[in-house]
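The structure appears right after this line, and notes come after that.
Quick note: the coordinates plus some simple rules give every number you see, no bench work behind them. Source: prediction; values computed, not measured. We place every Cβ from the backbone using ideal geometry, glycine too, and count neighbours over all the protein chains shown.
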Amino acid sequence: MPVNIPGLISVLVFYLVILAVGIWASRKSQIEEKKCPGNRSEISMVGGRNMNIVTGIFTMTATWVGGGYVIGTAEAVYVPTLGLIWALGPLAYVINFIVGGTFFAKPMREKNFVTMMDPFQIKYGNAVSSLFLIPAFIGDLLWVACILGGLGGTMSVILDMSSMHSVFISTGVAILYTLLGGLYSVAYTDVIQLIFMAISLAVCVPFVLMNPASSGITFTATHELFQAPWLGKLELRDLGKWIDDLLLLSIGGLCYQAFFQRILAAASPSHSQIMCYAAAVFSASMGIPSVLIGAVAASTDWNQTSYGLPTPFEKGEGGKILPIALQHLCPPFVSIIGIGAIAAAVMSSVDSAMLSSASLFGRNIYKSILRKQASENEVVWVIRASVLVIGLSGMGLSFVSDSVYAFWLISGDVIYTVIFAQLVCVLYFPSSNAYGALAGFVMGSTLRFLGGDHILKITPIIHFPYCRLIDGVYVQYFPFRTLAVLVSFITILSVSCLASLLFNRGLLSEKWDVFKVKPQTDGTNKRKTEEMCLDDGKPVALEMSPLERTVNK
């Protein structure tokens, strides 16, 4: 089929607008760099720590409301084996932002950290903290793949364009403006993208609802017509998996660098909390169009549409149901508007994921471990190179799976099971130490791996209660990922207390204390210190351990 030229032109125009905004925002970044030339890398990562509330709310919401959220929610509502009850995104994001704003935003912003991993390196040192960077990178990489995969599927359906070409162009644009202006470009383009996304989806939904091939969604919500009711059902034996998935998407979202990057860029701790609470409302609202489109798709007699039979689910295209519905249930010009909404959702998240991973690598690995004497200019270029690598790697992974919802879950899975317990301990439990953190990492990762993964078709070694064989693949219906988090948390605290007891009471020789848990006789800690730039631009030395001393700074 020929490429949809009008649609392609509209998408290219949208990309040019976004690129222009990104270039304009990069000028603000340059102005801030002139004010504090010794902190170029921090400006690239957290701006000038002067992000206003309105921009903060937009960029926080746009980062989470990406292609995975918009397309994945519609997919979950449409797929007969799931339904609305399993479309956990909107509810999960409300929980995510409320918990994040209440318990994590203020302590992180008050201490003027630059990345999520700063408190880990300050408390545990570089060696142990490096382990936690691995799941953080994997999570961001899968997130990029999830987002770009959604875009490729959408454009291939509506524009009759190769998904490879569309993903390549979109990735290139996002990489370009992220390289130019860092967080400033990402934040200001998020404002435009979120507005465009909201307007586009609002235009499309009425046309989808009024299509004559679709029955009333109020009837099909609880009655079987063309397929199972789209509300779905939650049986008691499935409750464990439902809770596990909900906590994975909600609590796991607190462990992304992209989340803290916006918190740390806020003008004040109170502003960072307001951003989170407002984003909870807006992110849930942005999920409503996807829910409606998924419900209509489940209520449609596809034989009366240009799509025909078999249905999208029977053809294995449930992951593309949102673009399919826009293409076959809307007039052509409306479907073109819809592709703009998806493109906006994709780019508002993919740039954030790329910059977050690049920030972690540039500051917490390159600057802190590989080249401690690296200049600010050198670190900035390392961040830019990392943005390029992450973007291209995620682009390659985006062609692996057709299910956006699968990538979306796996991304959060990696982060949730390994990092969340560590983050709680490093912020709220001063007694935790590197020995406990290392033991918790091993226990949590091992237990998660032994549980297998039905999405990746990894056979579980441990069959938890309610483990069932479905279509030749074992699926865990016990909340084993949450169990891994709890075991990791208990291990961190118990091993930390044990290590402190053994070394502080002389039961083990001080020469075995490689992580220096025992306080030094001169009242100082042997660990090296690291300079961090405060809001006034004056560097202050923060002791690497213990963490509570940084609060007084």
- Item | Dimensionless Rg over Rh [the stretch 232-275; C-alpha; Kirkwood] | 1.25
- When you take every Cα atom in the stretch 1-151, what is the radius of gyration, and what is Dmax, the widest Cα pair distance, in Å? 19.6, 59
- Task: Please give the contour-minus-distance gain from LEU91 to LEU388: 0.36 nm per residue of separation, less the Cα-Cα distance, rounded to one decimal in nm.
- Result: 103.6 nm
- Per-bin percent of Cα-Cα distances, the stretch 59-147 [10 Å]: 14, 32, 35, 15, 4
- Could you tell me the distance between the Cα centroids of the stretch 1-54 and the stretch 298-349, to the nearest Å? 30
- Message: Given all pairs of different Cα atoms, what value in angstroms does the Kirkwood hydrodynamic radius of the chain take?
- Response: 24.1
- Amide H neighbours of ILE458 under 5 Å, at least 5 residues apart or on other chains, H built in the peptide plane: list them. ASP453
- Gained length - ILE369 relative to LEU508, 0.36 nm times residue gap less alpha-carbon distance: 47.1 nm
- Message: If I fit a long axis through the Cα atoms of helix 67-78 and take the longest principal axis of the Cα atoms of the chain, what angle between them do I get, 0 to 90°, rounded to 10?
- Response: 50
- Note on the structure: If one compares the long axis through the Cα atoms of helix 89-99 with the longest principal axis of the Cα atoms of the chain, the angle in degrees, nearest 10, works out at 30
- Please work out the ratio of the alpha-carbon Rg of the stretch 415-510 to 2.2 N^0.38 Å and round it to two decimals. 1.31
- Message: So if I take the centroid of the Cα atoms in the stretch 460-487 and the same for the stretch 144-210, what is the distance between those two points in Å?
- Response: 35
- Highest mean first, what order results for 473-484, 74-85, 411-422 on Cβ atoms within 10 Å? 411-422, 74-85, 473-484
- Query: Can you pull the Kirkwood radius for the stretch 162-290, inverse mean 1/r over Cα pairs, to one decimal in Å?
  - Reply: 18.9
- Task: Note the angle between two axes, namely the Cα long axis of helix 126-158 and the longest principal axis of the Cα atoms of the chain, as a number of degrees from 0 to 90, rounded to the nearest 10.
- Result: 10
- Item | Value at 222 nm in deg cm²/dmol, rounded to 500, when DSSP H runs of n ≥ 4 in the chain each add -39,500 (n - 2.57) | -21000 deg cm²/dmol
- Note on the structure: the stretch 283-367: relative contact order from alpha carbon pairs under 8 Å, six or more residues apart, as a whole percent, is 19
- Query: Looking only at Cα atoms, what is the convex hull volume of the stretch 66-209 per residue, in Å³?
  - Reply: 174
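With N set to the number of residues, divide the alpha-carbon radius of gyration of the stretch 301-392 by 2.2 N^0.38 Å and report two decimals.
This ratio for the stretch 301-392 stands at 1.76.
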- Item | √(5λ) per eigenvalue of the Cα gyration tensor, the stretch 246-401, largest first, Å | 39, 20, 14
- Item | the stretch 1-77 - Rg (one decimal) and Dmax (whole number), Cα, Å | 17.7, 55
